[in-house]
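So the structure is just underneath, and the comments pick up after that.
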Amino acid sequence: MRAVRHTERGIEVRDVPPPTGPGVRVRVRSSSICGTDLVMTRGAPFPFTLGHEFAGLLDDGTAVAVEPIDPCGTCDQCATGNYQRCRSGIEVFYGMGADGGLCDEVLVPDRCLHPLPPELPVADACLAEPTAVALHGLRLAGVEAGQRVAVIGGGSIGLLAVAGALGAGAEVDLLARHPAQIEAGERLGAGTPRGEYDLVVDAAGSASALASGMELARPGGALLLLAVYFDEVPLLGVPLLSKELTVRNAMAYSHHDGGSDFGTAVELLAAHPEIADTLITQRFPLDEAAEGFRTAADRASGSIKVVLEP
């Protein structure tokens, strides 16, 4: 079968043996490129298939989104439902430590499967994974109806945080760099930043974004770190102290009372098709993966979420 891998020559579609062993077969129909994938391809080649945002069909035709994590289930973190913090480490994440979903088919445990309601096409359901990331962070930060929320960063996670906070009944404004991101935020219902905020979400992952976030947060407010930080996280001591800000970070998704972040993400996307219509800006066949990665890396071109379709 075909699989997208980061090689010594860059992104390539290679012929690899189909997966074997235990698990349920998913024939991938949509797999989107994450900003983390782009960062990973700047380093040395690695011997596994990329992709942790994917959806597809089971052998019986059931459409599913795939929660790309197979935790050990026995460590202290898994026992509390926080399997995203599994002691086994990055190896439990498909597309990051094990073969992922940028390919023709995968085998995953039944626990990873989230059947899709009719309102959510499988072509859009690859967005369930980044949506779950945004919803998990907002849930940990305690977003509530009536709060003022500012989101910094207009990539897919930032825009999904906009959608999630609006869905919770908050008033949401977006601070983004590129015109296409600002326009996408407006389509989802975000306004222009003004004044102070109960919660500021950093989805940009830069020192300047963190500084802006601490400036925008009201005294006694909160700062949610929803980006991936590959270097030190610079928090300015004076505003952190003088405003008595609460800082909360979030990793992936987990279970919660009455369900899971991933299940809630599927429900949100099904109820609001405008989210996928707004975020997915380009689609490529799997064989054009290299061009898809080039497009995803060029934010100035207007790309937000690029989807590859086997």
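The values are calculated or read from the model by the stated rules, or taken from the named source; none is laboratory data. All of these numbers come straight from a predicted model, not from anything done at the bench. Ideal geometry is used to build each Cβ from the backbone, glycine not excepted, and the neighbour counts take in all protein chains shown.
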Given (1) loosely packed, with under 12 Cβ neighbours inside 10 Å; (2) more than 23 Å from the chain's Cα centre (by Cα), index of the condition G89 fails: (2)
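Quick one: is L50 in contact with a helix residue (DSSP H, G or I) (Cβ under 9 Å, 6 or more places away or on another chain) and assigned to a loop (DSSP other than H, G, I, E, B)? Spell out how you get there, then give the answer.
Details: in contact with a helix residue (DSSP H, G or I) (Cβ under 9 Å, 6 or more places away or on another chain): yes; assigned to a loop (DSSP other than H, G, I, E, B): yes.
Answer is yes for this residue.
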T41 vs. criteria of a type in the set (V, I, T) and in contact (Cβ under 8 Å) with a residue 60 or more places away in the chain: yes
Run G213 past the list (1) within 26 Å of T41 (Cβ to Cβ); (2) surrounded by 14 or more Cβ atoms within 10 Å (Cβ to Cβ); (3) touching a residue at least 60 places away in the same chain (Cβ under 8 Å); (4) outside the structural domain of V39 (by TED's automatic domain parsing) and report the number of the one that doesn't hold. (1)
Looking only at region 68-83, and only at residues there that are surrounded by fewer than 16 Cβ atoms within 10 Å (Cβ to Cβ) and not in a loop (DSSP other than H, G, I, E, B), the one that is modelled with the lowest pLDDT: A79
Only one of A271, A252 is on the phi > 0 side of the Ramachandran plot and not charged (D, E, K, R), namely A252
Restricting to region 64-78, what's the tally of residues that are of a type in the set (G, A, S) and closer than 20 Å to R139 by Cβ? 1
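Would you be able to tell me the number of residues in region 1-56 that are basic (K, R) and either under 27 Å from A134 (Cα atoms) or modelled with pLDDT under 95 (or both)? Explain how you work it out, then say what you get.
Initially, region 1-56 is screened for residues basic (K, R), giving 2, 5, 9, 14, 25, 27, 29, 42.
Retained after the next criterion (residues that are either under 27 Å from A134 (Cα atoms) or modelled with pLDDT under 95 (or both)): 5, 9, 27, 29, 42.
Residues flagged as basic (K, R) and either under 27 Å from A134 (Cα atoms) or modelled with pLDDT under 95 (or both) within region 1-56 amount to 5.
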So is D70 within 17 Å of V106 (Cβ to Cβ), in contact with a Leu (Cβ under 7 Å, 6 or more places away or on another chain) and in contact (Cβ under 8 Å) with a residue 24 or more places away in the chain or not? no
Condition broken by L226, with the remaining ones in (1) over 17 Å from the mean Cα position of the chain (by Cα); (2) outside the structural domain of P71 (by TED's automatic domain parsing) satisfied: (1)
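Every residue, every condition in (1) hydroxyl-bearing (S, T, Y); (2) closer than 15 Å to F293 by Cβ, yes or no:
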position: P18; (1), (2): no, no
position: S30; (1), (2): yes, no
position: C34; (1), (2): no, yes
position: M40; (1), (2): no, yes
Could you go through region 84-93 and let me know if any residue there is over 23 Å from H6 (Cβ atoms) and free of Cβ contacts under 8 Å to residues at least 40 places away in the same chain. yes
Name the pairs whose Cβ atoms lie under 6 Å apart, with the first residue in region 190-210 and over 9 Å from L225 (Cα atoms), the second modelled with pLDDT under 95 and surrounded by fewer than 18 Cβ atoms within 10 Å (Cβ to Cβ), and 6 or more positions between them or separate chains? A207/P234
When you scan region 216-234, how many residues do you find that are exposed (fewer than 14 other Cβ atoms within 10 Å of the Cβ) and among the charged types (D, E, K, R)? 2
Kindly evaluate C126 against the criterion of being assigned to a helix (DSSP H, G or I), crowded, with 24+ Cβ neighbours inside 10 Å and assigned by TED's automatic domain parsing to the domain that holds G263. yes
Which residue is farthest from I90 (Cα to Cα), if the candidates are limited to region 4-41 and must be among the acidic types (D, E) and not in a helix (DSSP H, G or I)? D15
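Anything in region 129-165 that is outside any helix (DSSP H, G or I) and either charged (D, E, K, R) or on the phi > 0 side of the Ramachandran plot (or both)? List them, or say none. So that I can check it myself, show each step before the final result.
So in region 129-165, the residues outside any helix (DSSP H, G or I) come out as 142-155.
G142, E144, G146, R148, G153, listed by residue number.
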